[in-house]
1. Can you confirm whether segment 144-159 contains a residue that is open to solvent by 50 Å² or more (accessible area, probe 1.4 Å) and among the acidic types (Asp, Glu)?
2. For residues in segment 26-57 being farther than 23 Å from Ile167 by Cβ and free of Cβ contacts under 8 Å to residues at least 60 places away in the same chain, which is surrounded by the fewest Cβ atoms within 10 Å (Cβ to Cβ)?
3. In segment 130-141, what residues are closer than 20 Å to Tyr114 by Cα and either in a loop (DSSP other than H, G, I, E, B) or among the acidic types (Asp, Glu) (or both)?
4. Can you give me the number of residues within segment 113-129 that are assigned to a helix (DSSP H, G or I) and polar (S, T, N, Q)?
5. From the list Glu88, Glu68, pick out the single residue that is acidic (Asp, Glu) and more than 24 Å from Gly29 (Cβ to Cβ).
6. What about Thr32, is it touching an Asp or Glu at 6+ places or on another chain (Cβ under 6 Å) and at pLDDT 95 or above?
7. Within segment 76-97, restricting attention to residues that are within 27 Å of Asn131 (Cα to Cα) and part of a helix (DSSP H, G or I), which residue is least open to solvent (accessible area, probe 1.4 Å)?
Amino acid sequence: MKFSKFLLASLALLLVASTSTFAQKNLPGSLTMETMSGQKVKLKDYVAKKGKVTIVNFWATWCKPCKEELDNINNDYLDAWKDDYDIEFIAVSMDNSRTKPKVKGVVDTKGWEYDILCNPDNSAYQALGFNSCPHTLLLDEKGNIVYVHTGYKPGDEEELEEQIAKIAE
């Protein structure tokens, strides 16, 4: 009897935990970013102006896997994704005010062809419920979050492309 109650309580807790992980289906309207020129923009409005399937990738200058992922997407996938699926790609730096000055240098050196935004107050971590980079969101044309991925290993781009293809149909 005690085991049944424990199992039931555990399943209920698991259900609540998994539901909260996927509860965020839209970008919060209050989540503010900065452009490279320092202009404040609401991420939701910025994405809505594009009106396209959009990838939002959260990264940092100190994160080796982040830079590897952004390099690989820029060099091997981005042009084809834009041609095949008409997507937008936004890279959001999670560098804080101390490391933010490094962002422009990294972007210029890498030659990334992304829209670059910054979140120096790191409000995206709490607003979107993640705690590490890289963190990738795939948004449909209406700005709904349809896919989330955290971390990076080579080959993750193929899984992302499969998700893009599903919503671009």
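1. For segment 144-159, residues open to solvent by 50 Å² or more (accessible area, probe 1.4 Å) and among the acidic types (Asp, Glu): present.
2. Going through the qualifying residues, I end up with Ser37.
3. Residues satisfying the conditions are Cys133, Pro134, Asp140, Glu141.
4. 2
5. From the options Glu88, Glu68, the qualifying one is Glu68.
6. Criteria not met by Thr32.
7. Going through the qualifying residues, I end up with Leu78.
The values are calculated or read from the model by the stated rules, or taken from the named source; none is laboratory data. Owing to the predicted nature of the structure, the values given are computational and were not obtained by experimental measurement. Heads up, the Cβs are rebuilt from the backbone with ideal geometry, glycines too, and the neighbour counts pull from every protein chain shown. In case anyone asks, the SASA skips ligands and DNA or RNA and just uses the protein heavy atoms, side chains included. Shrake-Rupley method; radii C 1.70, N 1.55, O 1.52, S 1.80 Å.
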